[in-house]
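Note sheet for the following structure.
Read-outs throughout are calculated quantities, based only on the coordinates presented, and are distinct from any laboratory measurement. Since we're looking at a predicted model, the values are computed, not measured. Don't worry about glycine lacking a Cβ; one is built from the backbone with ideal geometry, like all the others, and counts go over all protein chains shown.
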Amino acid sequence: MSQLSQQKCEACSIDAPQVTQTQLDEFKNAIPDWDLVERDGIPQLERVFTFRNFKQALEFTNRVGEIAEEAGHHPALLTEWGKVTVTWWSHAIKGLHKNDFILAARTDELAS
C-alpha cells in the first residue's frame, strides 16, 4: 500500500488550488504507471488497465466506481473488452488536485 493511497481526500471547490509543479513531480513518482495527458487544456491522469475478458474489466470498473463514490470524486471510465481506461482530474478546478493522485494510487491498489 502506498502512502499516497492512505491520505484523505479533501473537499475540492472551484477555488481550490491545483497542484504545484513540485507536488506534481512528487505525486507522479508515487504513481509511475500513470500518464499525464492534456485534453482541451486540462491536465489529467490516465492509465489503461488490461484484463483477460470483458467480465473482469467490468468488475474492475465497478470497484473503481465504489472508491470514487466513497471519496465523492469521480473519474472518466471507459470499459472495453479486456481493458479499462481510467482518467482522473478535478472538474471543479479544471486541472489536477492532490485528490486525483490519491485516487490514482487507490486505483493501482485495486488492480494489484
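Here is how the numbers come out for the structure above:
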read-out: Relative contact order [Cα under 8 Å, 6+ residues apart], the chain, whole percent; value: 37 percent
read-out: Radius 10 Å from Cβ of residue 19, net charge of other residues (Lys, Arg +1; Asp, Glu -1); value: -1
read-out: Residues in region 73-112 that a label on residue 13 would reach, taking backbone N under 14 Å of a point 7 Å out along Cα→Cβ; value: 92-93
read-out: Using a Förster distance of 25 Å, the FRET efficiency for residue 48-residue 71 (Cβ separation, nearest 0.05); value: 0.70
read-out: Size-normalised alpha-carbon gyration radius of region 9-112, reference 2.2 N^0.38 Å; value: 1.04
read-out: Region 37-91 shape via C-alpha gyration tensor axes, a/c threshold 1.5; value: oblate
read-out: Region 75-91 residues near the modelled residue 55 label - backbone nitrogen below 14 Å, point 7 Å along Cα→Cβ; value: 82
read-out: Point-charge dipole on Cβ atoms (K/R +1, D/E -1) for the chain, about Cα centre, debye to 20; value: 220 debye
